[in-house]
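Colleague: Just dropping this structure here.
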Amino acid sequence: MLVVNATRQRETDSFERARIRNFEMAGLIAIAHHDPKKMPDYKPHGEKPKPVSDEANQARARGAFIALALASGA
């Protein structure tokens with residue numbers, strides 16, 4: 001039974017990855033069709049992200065907490 005459950009979980013994970021990939025591809029196709037200038041630049045896998053300033057991180061965290069408070073009805 002363990003093998004059957006593992007196989008089922010692997011297939012479910014595979015379908016979920018394909019669903020996410022197709023959703024992202026549909027968004028990129030829509031951008032390319034309607035306004036190709038807004039298409040994001042290609043970044044090779046493994047490229048290191050640019051460093052983000054402390055102010056930007058604090059603003060992102062503040063926005064997340066505000067959204068959380070609004071969602072909880074506070």
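Colleague: Would you check if there is a residue in the stretch 35-46 being without any contact (Cβ under 8 Å) to a residue 24 or more places away in the chain, among the hydroxyl-bearing types (Ser, Thr, Tyr) and part of a loop (DSSP other than H, G, I, E, B)?
Modeller: Checked the stretch 35-46: at least one residue is without any contact (Cβ under 8 Å) to a residue 24 or more places away in the chain, among the hydroxyl-bearing types (Ser, Thr, Tyr) and part of a loop (DSSP other than H, G, I, E, B).
Colleague: Here's something else I'd like to know. Looking only at the stretch 41-74, how many residues end up being among the aromatic types (Phe, Trp, Tyr) and under 28 Å from ILE31 (Cβ atoms)?
Modeller: 1
Colleague: On to the next question. Pairs under 7 Å by beta carbon, first residue in contact (Cβ under 8 Å) with a residue 40 or more places away in the chain in the stretch 1-14, partner surrounded by fewer than 10 Cβ atoms within 10 Å (Cβ to Cβ) and polar (S, T, N, Q), six or more apart or different chains?
Modeller: Once the first residue is in contact (Cβ under 8 Å) with a residue 40 or more places away in the chain and sits in the stretch 1-14, no partner that is surrounded by fewer than 10 Cβ atoms within 10 Å (Cβ to Cβ) and polar (S, T, N, Q) comes close enough.
Colleague: Can you tell me which residues in the stretch 19-74 are basic (Lys, Arg) and either surrounded by fewer than 10 Cβ atoms within 10 Å (Cβ to Cβ) or within 19 Å of the chain's Cα centre (by Cα) (or both)?
Modeller: Across the stretch 19-74, the qualifying residues are ARG19, ARG21, LYS37, LYS38, LYS43, LYS48, LYS50, ARG60.
Computed from the coordinates by the stated procedures, all read-outs in this text should not be read as laboratory data. Source: prediction; values computed, not measured. Ideal geometry is used to build each Cβ from the backbone, glycine not excepted, and the neighbour counts take in all protein chains shown.
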